[in-house]
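First comes the structure, then the notes that go with it.
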C-alpha cells in the first residue's frame, strides 16, 4: 500500500490501549484531542464508538472514518485544541459549511467525497493544567495563588531561598530556572507567571522567567517602577526589546481594585483575556479590551555589564552581612536609607556600600566614581 503523502508521519489506524495512552500523555503534559463517532448514517466506514487521538502536531491515531472524514476531523480537532473547547462535528454531503472558529461548539462540514453517508464526531480536547508561577511573599501574591488554584490552575509559589523554610511547599527562587527547564515543552508553552514580590527580588525572578519559558511575564508594579526594572534587566542581562517586551506591567485589568483579593481578580482576569485572544487570533479585539504595550526604555549605556559584576548584582545572598543591630546606611545612588544587614551590597576600594535594590547597585557598579563624587 502506498503511503498517503499528506498524512503526518506517525498516523496509525489503531490505538493499542486507549486508557494507557491517555495516562501516558497526561504524565508527559501533552495536549491531545479524543475524537469519538457518536452517530452515523450509512454508507460510512466508521462505526458508533470508534475513536481516534489527534495530537497537537496533527498526528492521528485510531479510526473515525475514511480519507475525507479523517482530514475533516483532523482539521476540526486542531481548532478545538486551539480554543480548548469541546465541539460536535457533523459531516454531511452537500451541506453549507459553517464558519471555522476556535470556540465553536457545533460545526457542520460538507463531505465533498463520493460518499453519501453522514456522521457526527465529538471532539474533546484534553489539555495539561495551566501552570501559574506566582513570585513573592506579599498579600497579593498569596491571593493570586489562592484564586488561581480555585480556577484549576497548577500553582507554583516562588520565594527567595531564605523565605522557603517557613513555607516548605514553595519553590526556591534559586531553583526556578532549573524547575522550568525540566518541564516538557508542551507544559512550558502553557506557563503563565506573575511577579508580585513588590521590589524585593523582581529583577532576579523576571530574568529567570524570561530565560526559561517563552510566554509573557506579568509584573505587579507602577509604570515608573516597571521602567526601572526593564532598564536594570537591559543593563545586567543583555535582554533586547523582544524579551523586555514580554514583561507586562502593570499587570491586571483596570477594575479599580484596592484590596489584595481584588488585585488578584484583576490579574487573573487579564490572564484569561490573554489566553482567549491567543486562542482566537482572528477575532478582532475591541479597543476597550486592548492593553497598551508597556514602553521599552533604551538604556543610556547599552554596553553589557561584565559577567563578574552581573553575578554580584543578581546574587540574592547578603554579602558582608553586619550584625542585626548594625543600624542603617545610605544608598549612594538614590539616597534612600537602607536597614542593615542589607540584601544588596557591593565592595569598592575596600568599602562596603549598601543599596535598596538591584537597579541602584547596577548603576553604582557601572560607574562608582559618579556616585562617590561630592555634589
Which shape class applies to the range 131-289: rounded if a/c is under 1.5, otherwise prolate when a/b exceeds b/c and oblate if not, where a ≥ b ≥ c are the square roots of the Cα gyration tensor eigenvalues? rounded
Added length on full extension, which subtracts the Cα-Cα distance from 0.36 nm per residue, residue 28 to residue 177: 51.7 nm
Once you have a ≥ b ≥ c as the square roots of the Cα gyration tensor eigenvalues for the range 223-282, tell me rounded if a/c is under 1.5, and otherwise prolate or oblate according to whether a/b is larger than b/c. oblate
Taking the beta-carbon count within 10 Å as an exposure proxy, list 353, 371 from fewest neighbours to most. 371, 353
Applying a 10 Å radius around every beta-carbon, put 217-223, 160-166 in order of their mean neighbour count, most first. 217-223, 160-166
Can you pull the semi-axes for the range 1-123, root of five times each eigenvalue of the Cα gyration tensor, sorted largest first, whole Å? 22, 17, 13
Least to most buried among 79, 233, by other C-beta atoms within 10 Å and fewest first, runs 79, 233
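Every number in this text was worked out from the coordinates using simple rules, so none of it is lab data. All values reported here derive from a predicted model rather than from experimental measurement. Using ideal geometry, Cβ is built from the backbone for each residue, glycine included, and neighbour counts are taken over all protein chains shown.
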